[in-house]
1. Quick test of your reading of the structure: Pro111 fulfils all but one of (1) surrounded by fewer than 16 Cβ atoms within 10 Å (Cβ to Cβ); (2) modelled with pLDDT of 80 or more; (3) touching a Cys at 6+ places or on another chain (Cβ under 9 Å). Name the failing condition by number.
2. At pLDDT 85 or above, basic (Lys, Arg), over 16 Å from the mean Cα position of the chain (by Cα) and under 27 Å from Ser168 (Cβ atoms) - does that describe any residue in the stretch 114-129?
3. Which one is least open to solvent (accessible area, probe 1.4 Å) among residues in the stretch 31-41 that are out of contact with any helix residue (DSSP H, G or I) (no Cβ under 8 Å at 6 or more places or on another chain) and not aliphatic (A, V, I, L, M)?
4. May I ask you to say which residue of Ala155, Ala98 is at pLDDT below 90, touching a Cys at 6+ places or on another chain (Cβ under 9 Å) and open to solvent by less than 30 Å² (accessible area, probe 1.4 Å)?
5. Taking the residues in the stretch 79-94 that are open to solvent by 40 Å² or more (accessible area, probe 1.4 Å) and touching a helix residue (DSSP H, G or I) at 6+ places or on another chain (Cβ under 9 Å) as candidates, determine which candidate is nearest to Val36 (Cα to Cα).
6. Take the stretch 42-73 and flag every residue that is of a type in the set (S, T, N, Q), free of Cβ contacts under 8 Å to residues at least 24 places away in the same chain and open to solvent by less than 60 Å² (accessible area, probe 1.4 Å).
7. For the stretch 137-158, which positions are farther than 26 Å from Arg100 by Cα and either within 23 Å of the chain's Cα centre (by Cα) or in a strand (DSSP E or B) (or both)?
8. Checking Gly76 against (1) modelled with pLDDT under 85; (2) touching a Pro at 6+ places or on another chain (Cβ under 9 Å); (3) open to solvent by 30 Å² or more (accessible area, probe 1.4 Å), which single condition isn't satisfied?
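The values are calculated or read from the model by the stated rules, or taken from the named source; none is laboratory data. Computed from a prediction, not measured in an experiment: that's the story for all the values here. Quick reminder, even Gly has a Cβ in these numbers, built from the backbone with ideal geometry, and neighbours come from all protein chains shown. Heads up: the accessible areas ignore ligands, DNA and RNA and are worked out on the full protein's heavy atoms, side chains in. Shrake-Rupley method; radii C 1.70, N 1.55, O 1.52, S 1.80 Å.
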Amino acid sequence: MPGVPDVALAIDVHRIPGRSCKAKGRRAAVVVAIAVVDDECRDLATYFWTLHSGYAARRERGRTIFMQHDVAGRVGGRDVSHIDGDKLNNRRANLEHATRSENMLNPADGPRVNHKSCSHRGVTRDDQTKALARPWRGKVSVAGRTYQTRRFVTAEEAKAALDDLRRSLGLRVREYPAPRSAP
């Protein structure tokens, strides 16, 4: 793709065990992930990055600063969204500015444990009655208004209907790879 650099830089992301003073914590920190940035963001390698909810972050003057904000910048109250869903892929070509609503359409960080939901974002199980033949339904909220699909037998059918509903509302619909688990 023209204009997109092919060279990438890998930056270590640490986890500090326990609560200790800053100097002791950095000495005991373990590298748990690798963040990827474009080569022109070489100066980011000079900072000490830690894992914060799956994202690479650093502390500066008591504030948490995420790596994707250093790379893409902040634009008028909009979030920085990862196009491929990988929280550690911080190349400029993988980052876009999105509204909070658009960013919330990204997939969940992992499989959900609640029996009323599934791994598809926006698809829930309705257990009003135990003998419900079509328990799965898709829901999406836009500008304070909730839209629902009809009920389906399987979660996959409800997900397909929810994707159609999102398209009809003008929202983006993307397929994301399965999230990686942290070591």
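1. The failed condition is (2).
2. For the stretch 114-129, residues at pLDDT 85 or above, basic (Lys, Arg), over 16 Å from the mean Cα position of the chain (by Cα) and under 27 Å from Ser168 (Cβ atoms): absent.
3. Taking the stretch 31-41 and keeping what is out of contact with any helix residue (DSSP H, G or I) (no Cβ under 8 Å at 6 or more places or on another chain), we get 31-34, 36, 39-40.
Adding the requirement that they be not aliphatic (A, V, I, L, M) leaves 39-40.
Details: Asp39: 53, Glu40: 110 Å².
Checked the stretch 31-41; the qualifying residue least open to solvent (accessible area, probe 1.4 Å) is Asp39.
4. Working: Ala98 fails: touching a Cys at 6+ places or on another chain (Cβ under 9 Å).
Within the list Ala155, Ala98, the selection yields Ala155.
5. This residue is Arg91.
6. Selection gives Thr64 alone.
7. Once the filter is applied, which keeps residues that are farther than 26 Å from Arg100 by Cα and either within 23 Å of the chain's Cα centre (by Cα) or in a strand (DSSP E or B) (or both), the stretch 137-158 yields only Phe152.
8. (2)
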